[in-house]
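Notes follow the structure.
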Amino acid sequence: MSEIYRLAVLKDAPRLLHIIYEAYATIRELELHWPAANADLALIEDNIRHNECYVLEIDGLITATVTLSKNGEIKSITDLPFIKWFAVDPAYQGRGFGGRLLTWVEETVIG
């Protein structure tokens, strides 16, 4: 099994839309108004352009994603990094891929 951790690029947007849409189904069912839960392709592309959107590929397929915000949403509260839009493709949940991606971002990127 090969694992690749990397920044997302715009061509990843359709796959990320699928992952986020499926992973956030419960949020939509609860009628919570989180941007990621109701994201469309344009919003996913905007996230990739304006933040650090990371992905984990397993055997060439993106299975998990997380975003390190660069928009300053919480700068009035804290200077700590703000992680958002965390999702794992439901077909791959329960295998530790999300935890591995979070650990990689925390140790390699945030440091």
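The values are calculated or read from the model by the stated rules, or taken from the named source; none is laboratory data. Bear in mind that the values here come from a model prediction, so they are computed numbers and not experimental data. Reconstructed Cβ throughout: ideal geometry from the backbone, glycine too, with neighbour counts over all protein chains shown. We work out accessible area using only protein heavy atoms, side chains counted, and drop any ligands, DNA or RNA first. Shrake-Rupley method; radii C 1.70, N 1.55, O 1.52, S 1.80 Å.
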How big is the accessible area of Leu10 in square angstrom, nearest 10, if you roll a 1.4 angstrom probe over the protein chains? 80 Å²
Glu29: accessible area at probe 1.4 Å, nearest 10 Å²? 140 Å²
Accessible-area composition of the chain, carbon plus sulfur, in percent [1.4 Å probe]: 55 percent
What is the distance in Å between the Cα centres of the stretch 13-28 and the stretch 96-111? 20 Å
Under a plain spin-label model, where a point goes 7 Å from the Cα along Cα-to-Cβ, how far apart in nm are Trp34 and Asp79? 2.8 nm
When the chain is treated as a Gaussian network with springs between alpha carbons less than 10 Å apart, the largest mean-square fluctuation among Tyr54, Tyr24, Tyr92 is found at Tyr92
Residue-averaged [θ]222 nm for the chain, counting only DSSP H segments that reach four residues, each worth -39500 (n - 2.57): -8500 deg cm²/dmol
Using only the C-alpha atoms of the chain, find the volume of their convex hull and express it per residue in Å³. 105 Å³
Expressed as a rounded percentage, what relative contact order does the chain have, with Cα pairs under 8 Å and six or more residues apart? 29 percent
